[in-house]
1. Could you calculate the contour length gain from ALA12 to ASP130, that is, 0.36 nm times the residue separation minus the distance between their Cα atoms, to one decimal place in nm?
2. For segment 1-106, what's the relative contact order in percent, using C-alpha pairs closer than 8 Å and at least 6 residues apart?
3. Describe numerically, in nm with one decimal, the distance between label points set 7 Å from Cα along Cα→Cβ at LYS35 and at LEU107.
4. How would you order 14-20, 26-32 from highest to lowest mean count of nearby Cβ atoms within 10 Å?
5. Want the number for ASN45 to PHE57: 0.36 nm per residue separation, take away the alpha-carbon distance, what's left?
Amino acid sequence: MSPGWSLGWTWAKKEIIWTMLGAQAKEQGDCSKFKINIPHSCKRNPTVVDLLPETPFNQQFGNCCKGGVLASWGQDPSAAVAAFQITVGLSGTSNKTVKLPKNFTLLGPGPGYTCGPAKIVPSSHFLSPDGRRKAQALSKLLISLFLCFQRVNPCG
């Protein structure tokens, strides 16, 4: 088994991952219906892995890029969490139609990894790729990814 964690889930509808920082989907899936902007992953049940420490800065996100290896909370709380950011598309037209992913699977390189519940958080503003237009995201999914991969102290 390769070192590091992996996180999987099943999308509730026909969601796709447009972009991802601090991690990557193991497979892109069938994105053939997209001709110009190609999503990061079109899989209905993506599996995500951490990036390596030498990942370029513009692909990183806070608490990422440890090769999936985490310290225990008792040893070093700042090194016991992992995070990544995803931009989700095709998930609905309003905050009431966005559905959270389900059937999470978290695989760690050993025992003691836990994951919090998924949450929808307030929408944010972002710049278009050309930097000329400010837009508002419909909503962001926060899968407790800031705390999700918390490795607890196996001794209690």
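1. Numbers: separation 118, 0.36 × 118 = 42.48 nm, distance 3.13 nm.
Between ALA12 and ASP130, full extension yields an extra 39.4 nm.
2. On the way: 213 pairs, mean separation 40.8, N = 106.
It rounds to 38 percent for segment 1-106.
3. 3.8 nm
4. Most protected by this proxy first, the peptides run 14-20, 26-32.
5. Working: separation 12, 0.36 × 12 = 4.32 nm, distance 2.76 nm.
Roughly 1.6 nm would be gained on extension.
Every read-out reported here was derived from the displayed coordinates using simple, explicitly stated rules and does not represent laboratory data. Everything quoted here is computed from the prediction, not taken from an experiment. Backbone-built Cβ (ideal geometry, glycine too); neighbour counts: all protein chains shown.
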